[in-house]
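The values are calculated or read from the model by the stated rules, or taken from the named source; none is laboratory data. None of these values were measured; they are calculated from a predicted model. Because the Cβ atoms are built from the backbone with ideal geometry, glycine has one as well, and the counts that use them run over all protein chains shown. Just so you know, the surface numbers come from the protein's heavy atoms only, side chains and all, with ligands and any DNA or RNA stripped out. Shrake-Rupley method; radii C 1.70, N 1.55, O 1.52, S 1.80 Å.
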Amino acid sequence: YIVNRNGMGMRQLTSAAGYEHQPTWSPDGLRILFRAAATNTTRPDLWMINPDGSGLRNLSGHLSTQQLSDLRDPAWSPDGSQIAFIGAAKGQHHVWLMNSDGTNLRQLVQDVGFDSSPTWSPDGQVIAFTRWNTADPTYGEDVMIVPVATGVAHRLALLGDQRTPQWSPDGHYLVVMGTAVAATGVGNIYTMRPDGTGLRLRTVNPAWG
């Protein structure tokens, strides 16, 4: 659905069987990218639609399940030319890239891990994402930083969880949902620098316990 910011004028865009979620606007506001599957047991694909409901297109339908068995967490590059997403191949969920028309599929991150929530830096040069720290579970979920040019990911290993990173508009900070102890407690919002320094708690609500 699309709705005005004041809550009025809601319009339904999709009506196919199954579910559609994770919608995200293109940087120019002319397209909407989302994840959809016909049933709970079929592979979810990445789709695109225009804000007026026209132009519905499956960007990943041409891919075989042997290439990718799951697609999720789509994210536009700042210039709208590329899409980063999480795809599963041979049991590993990694960051993949493709052009915004569905062509030029390529795996960005190659090393072992379960990746999620990719997000582009404002200059389009770096992608931050989340990965569980299997070497030391006390570090929980960490933010990973990967240059698009190299695909070599670097872990920002900090105690507790840091999940679902998003960049500040100037690229100087990341905001994350985190916990002080891995997999324990209610998540709060933190900010940190892209090099892992300066972690700072931003939300404190006593009612959350």
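Starting from the range 118-132, take each residue that is in contact (Cβ under 8 Å) with a residue 60 or more places away in the chain and list its partners that are polar (S, T, N, Q) and part of a strand (DSSP E or B), counting only C-beta distances under 6 angstrom and pairs at least six apart or across chains.
Pairs found: Ala128/Thr119.
Counting only residues that are part of a loop (DSSP other than H, G, I, E, B) and among the charged types (D, E, K, R), which one in the range 95-116 is surrounded by the most Cβ atoms within 10 Å (Cβ to Cβ)?
Asp111
Considering every residue within the range 132-145, establish whether at least one is in a strand (DSSP E or B), more than 24 Å from Val181 (Cα to Cα) and modelled with pLDDT of 95 or more.
No: the range 132-145 contains no residue that is in a strand (DSSP E or B), more than 24 Å from Val181 (Cα to Cα) and modelled with pLDDT of 95 or more.
Do you know which residues across the range 1-44 are farther than 18 Å from Arg72 by Cα, in contact (Cβ under 8 Å) with a residue 40 or more places away in the chain and among the aliphatic types (A, V, I, L, M)?
Ile2, Leu13, listed by residue number.
Can you name the residue in the range 146-173 that is without any contact (Cβ under 8 Å) to a residue 40 or more places away in the chain, of a type outside the set (Asp, Glu) and not in a loop (DSSP other than H, G, I, E, B) and is also nearest to Val186 (Cα to Cα) among such residues?
Restricting to residues being without any contact (Cβ under 8 Å) to a residue 40 or more places away in the chain, of a type outside the set (Asp, Glu) and not in a loop (DSSP other than H, G, I, E, B), the top hit is Gln162.
Just checking, does the range 139-155 include any residue being within 28 Å of Met98 (Cβ to Cβ) and touching a helix residue (DSSP H, G or I) at 6+ places or on another chain (Cβ under 9 Å)?
Yes, the range 139-155 has at least one match.
Please specify each residue of the range 174-197 satisfying the condition of being in contact (Cβ under 8 Å) with a residue 24 or more places away in the chain and either basic (Lys, Arg) or closer than 22 Å to Asp123 by Cβ (or both).
Leu174, Val175, Val176, Met192, Pro194, Asp195, Gly196
Out of Thr150, Thr119, Thr138, I need the residue that is closer than 25 Å to Gln82 by Cβ, among the polar types (S, T, N, Q) and open to solvent by 20 Å² or more (accessible area, probe 1.4 Å). Which one?
Testing whether each residue is closer than 25 Å to Gln82 by Cβ, among the polar types (S, T, N, Q) and open to solvent by 20 Å² or more (accessible area, probe 1.4 Å) leaves just Thr150.
Looking only at strands (runs of 3 or more DSSP E) that fall completely inside the range 8-92, which ones have 2 or more residues that are surrounded by 18 or more Cβ atoms within 10 Å (Cβ to Cβ)?
Qualifying strands (runs of 3 or more DSSP E): 32-37, 45-49, 70-76, 82-89.
When you check Ala183 against the structure, is it out of contact with any Cys (no Cβ under 8 Å at 6 or more places or on another chain), of a type in the set (A, V, I, L, M, F, W, C) and at positive phi, yes or no?
yes
Among the numbered criteria (1) assigned to a strand (DSSP E or B); (2) more than 20 Å from Arg155 (Cβ to Cβ), which one does Ala128 miss?
(2)
Can you pull out the residues in the range 164-191 that are open to solvent by 30 Å² or more (accessible area, probe 1.4 Å) and of a type in the set (A, V, I, L, M, F, W, C)?
Answer for the range 164-191, where residues must be open to solvent by 30 Å² or more (accessible area, probe 1.4 Å) and of a type in the set (A, V, I, L, M, F, W, C): Trp167, Val175, Met177, Ala180, Val181, Ala183, Val186, Ile189.
Using the structure shown, decide if Asp161 is on the phi < 0 side of the Ramachandran plot and either in contact with a Leu (Cβ under 6 Å, 6 or more places away or on another chain) or open to solvent by 30 Å² or more (accessible area, probe 1.4 Å) (or both).
no
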